[in-house]
1. From the list Arg66, Arg73, pick out the single residue that is within 21 Å of Ala408 (Cβ to Cβ) and in contact (Cβ under 8 Å) with a residue 40 or more places away in the chain.
2. Going by the conditions given, is Glu377 without any contact (Cβ under 8 Å) to a residue 60 or more places away in the chain and of a type outside the set (A, V, I, L, M, F, W, C)?
3. Taking only the stretch 53-74 into account, find how many residues are crowded, with 19+ Cβ neighbours inside 10 Å and either of a type outside the set (A, V, I, L, M, F, W, C) or farther than 30 Å from Ala350 by Cβ (or both).
4. Return the residues of the stretch 131-184 that are of a type in the set (Phe, Trp, Tyr), modelled with pLDDT of 95 or more and out of contact with any Leu (no Cβ under 8 Å at 6 or more places or on another chain); say none if nothing qualifies.
5. Here are some conditions: (1) within 25 Å of Arg401 (Cβ to Cβ); (2) touching a Leu at 6+ places or on another chain (Cβ under 9 Å). Tyr120 meets all but one. Which one does it not meet?
6. Would you please name the residue that is surrounded by the fewest Cβ atoms within 10 Å (Cβ to Cβ), looking only at residues in the stretch 148-197 that are part of a loop (DSSP other than H, G, I, E, B) and among the charged types (D, E, K, R)?
7. Scan the stretch 217-228 and give yes if some residue there is outside any strand (DSSP E or B) and β-branched (Val, Ile, Thr), otherwise no.
8. Can you find a residue in the stretch 332-352 that is loosely packed, with under 15 Cβ neighbours inside 10 Å and in contact (Cβ under 8 Å) with a residue 40 or more places away in the chain?
Amino acid sequence: MPIASEMTAFDSAKALFSRYAESLQLEKRYPGRRLHERLTLPDRSVEFRLTLQLDRGDTLITQGYRVQFNDDRGPYKGGLRFHPLVDLEEVKALAFWMYLKTAVVEIPFGGAKGGIRVDYENLTLAEKERLTKKYVLVLGDEIGPEKDIPAPDVNTGEREMAWIMDAWRMHHGRYERGVVTGKPVAVGGSQGRTSATGRGVFFCIEEAAREMKLDLAQCAAAVQGFGNVGRHAALFLHQAGVRVTAVSDVHGAIRNSQGLDIPGLIRHVQEAGQVAGFKGGDSFARDDLFFEPVDILVPAALENAITAERAERIQARLVAEGANGPTTPDAIALLGEKGVTVIPDILCNAGGVTVSYFEWVQNRQEFYWSAEQVDHELRAVMVRAYRQVAAEAASQRCTLREAAYRLAIARVADAAHRRGAQ
Ligand code: NAD
C-alpha cells in the first residue's frame, strides 16, 4: 500500500472501497469469486497519443484516456474531462466512482470516464472541435450507444457532446443520437440535462435538511466552483430561499452576507468569465471560502478540495459533494468526528447521469419528454436513492457515505455474480 502522500486519487478511492466493502464479506457471500478484486480493477483502460494541428501551424502532442471500469449492470457510462492535470490515475478514480454512482441511483449503466490532458480553455474554437473529434476517431468502436456512452464533465458541455455525435456519425456512417448524452436539445439532447447535476444536488440538500430539521429559508450556503454543477446548485438553493453568501471559481471568490443575487452573478460570469468583479459582492481569497460562517457547503470544483486542514476549520453542518472526490480520506474521518453531515458524491451528484439515462432512453425511443417530466422523474430517482441510503445509514449506524458504498457494492456484486464466473 502506498504511503498517504504518494497515494493517487485511484489509490484513495480503492482504500475507501475496501474499508466499506469489508462488512459486506464478499468472499464469504460469493466464495471463490474474487469479487473484491473484480470490482477494484478496471475492465479496460487506454492511454493514447493525440496529435493536434494548431491554427498557427505547429503541432500539439498530448495524451487521451478512456477507462471502462465496470459494465456488470449495463453499458459503460461516464464523462469526459479536458484539463491540464488529467492523468490515467485520475480517470481511473473517476470511472470507479461512476459505476458505484449508477448503482446507487439504480440506473442500468456501468461506469467509465475519459479525458484529455490539455489546457483546453486556451485553444481556439476550431482547435477545440478538431481535438474533440480526434478523440472520438481514435477511440473508434470503443464508444457506442450500447457499449460506452460519454457525457460532459469539467470543461466539456453541450457543444463538445454535439461534436462527439457528429464525429461518431462520420466514422460509422450512420446517425446514432444515443452515442453521447448531454447534447444540445437541437440535436437530440434532453430538456433539463444541463441543470440536472445541480438540481440533483439540491434535491439531496432538501432531503438532508428535512432530516436535520434545518429550515432552508433560514440557512446560508457557500459554493466552491461556479461551472455547470456549482452554478446550478447555487441557483436552485437561491430559488428555495437559501442565502448563498459566498461563491468561488478558479480565479477568485466573492461574498455578501445578505446573500448574493445568483441570477445576476450568472449573467456577470457569462460576460466577465469569472465571479470576481461582480458588483453585488466583495472579493476575498479563493480558498477561504471553506471557512465561511454558513450552514451548507457545496464543493463543486475538483478532487481533494477539502483537506484535513480545511476540514478542521469548516463551520458548515452539511456538506453536499457536487464534485467527484472533493474530500480527502483524512478529511472524511475528521468531518465525521466533528458531526458534519456529508452527502457523498456518488449520491449527491448523480442527477447528471440520471438525466443522461433519460436522454439515452428518449434517443432510443425518439420520443421526447417535457422539462416538467424530466424534473419530476429526476426528483423521484434522487429522493428514492437518498432515502434508501439514509435508511441504510440508520440501520447500520454508519455515515451516508458508507451506506451509499454498501448499497452500490452489494448491487454490483450481485449483478457480477449472476452474470457468471467467466
Ligand atoms: P465545469 O468545468 O463546468 O466547472 C468547474 C468550475 O470549478 C469552474 O467554475 C472553475 O473555475 C472552478 N474551479 C476549478 N478549480 C477551482 C478551485 N481550485 N477553486 C474554486 N473553483 C475552482 O465543471 P463541472 O461540470 O461543473 O464539474 C465540477 C465537478 O462536478 C467535477 O468534479 C465533476 O467531475 C463533477 N460532476 C459534474 C457533472 C456534470 O454533469 N457536469 C456530473 C457529476 C459530477
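The values are calculated or read from the model by the stated rules, or taken from the named source; none is laboratory data. Not measured: the values here are computed from a predicted model. Virtual Cβ from ideal backbone geometry, glycine too; neighbours counted across all protein chains shown.
1. Numbers: Arg66 fails: within 21 Å of Ala408 (Cβ to Cβ).
From the options Arg66, Arg73, the qualifying one is Arg73.
2. yes
3. Going through the stretch 53-74 one residue at a time, the tally reaches 9.
4. Our first condition is that a residue be of a type in the set (Phe, Trp, Tyr); within the stretch 131-184, this holds for 135, 163, 168, 175.
Narrowing further to those that are modelled with pLDDT of 95 or more: 135, 163, 168.
Within the stretch 131-184, Trp163, Trp168 qualify.
5. Among (1) within 25 Å of Arg401 (Cβ to Cβ); (2) touching a Leu at 6+ places or on another chain (Cβ under 9 Å), Tyr120 violates only (1).
6. Step one: filter the stretch 148-197 for residues part of a loop (DSSP other than H, G, I, E, B), giving 153-157, 173-176, 180-184, 188-195.
Narrowing further to those that are among the charged types (D, E, K, R): 153, 174, 176, 183, 193.
On the way: Asp153: 27, Arg174: 7, Glu176: 16, Lys183: 28, Arg193: 27.
The qualifying residue surrounded by the fewest Cβ atoms within 10 Å (Cβ to Cβ) is Arg174.
7. No, there is no match, as no residue in the stretch 217-228 is outside any strand (DSSP E or B) and β-branched (Val, Ile, Thr).
8. No.
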